[in-house]
Amino acid sequence: MADAELEQIRKARLEQLKAQGGGAGSPGAGQGGQANQAEQQKQQEAEARQSILNQILHPEAADRLGRIRLVKEERATDVENRLIMLARTGQLRQKVTEDQLKELLNAVADNKEEEKIVVNRRKNWDDEDDDLLDL
């Protein structure tokens, strides 16, 4: 299912890069051209990424992932990367439902170790203020 579609996306991307490579060799293209080209490449990668996600996610799961992106962008990106990797390796047989996305989110949350605060208390610490109480 996804292998043929991914191969088609790759071919289209390769053709776009070849077409851009022919026009980028002009001597007038300086730093501005490189920055524009880099921005264009990022936009195309984002579009390809979004099209892959649209193919492998049910609408409800895509909505949930969008809401998660609003709150925790890093976690949403991690989940998207994992979903795309699963799709590219052919491990997804059908579209991911909202419940499957919840399970994946829990797995990602379990892998992330939360930052812990450790308090070390001093034992037998002599406080000079205690001497004032003896008076």
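For region 49-74, name all the residues that are open to solvent by 60 Å² or more (accessible area, probe 1.4 Å), over 18 Å from Asp99 (Cβ atoms) and part of a helix (DSSP H, G or I). Across region 49-74, the qualifying residues are Arg49, Gln50, Asn54, Arg69, Leu70, Val71, Glu73, Glu74. Evaluation of Gly90 against the conditions (1) modelled with pLDDT under 85; (2) open to solvent by less than 80 Å² (accessible area, probe 1.4 Å); (3) not in a helix (DSSP H, G or I) shows that the sole unmet condition is (1). Count of region 1-20 residues, restricted to those that are of a type outside the set (S, T, N, Q), more than 24 Å from the chain's Cα centre (by Cα) and open to solvent by less than 70 Å² (accessible area, probe 1.4 Å), is 0.
The values are calculated or read from the model by the stated rules, or taken from the named source; none is laboratory data. Since this is a predicted model, take the numbers as computed values, not measurements. Glycine gets a Cβ as well: all are built from the backbone with ideal geometry, and neighbour counts include every protein chain shown. To get the accessible areas, we keep the full protein, side chains included, count just its heavy atoms, and leave off ligands, DNA and RNA. Shrake-Rupley method; radii C 1.70, N 1.55, O 1.52, S 1.80 Å.
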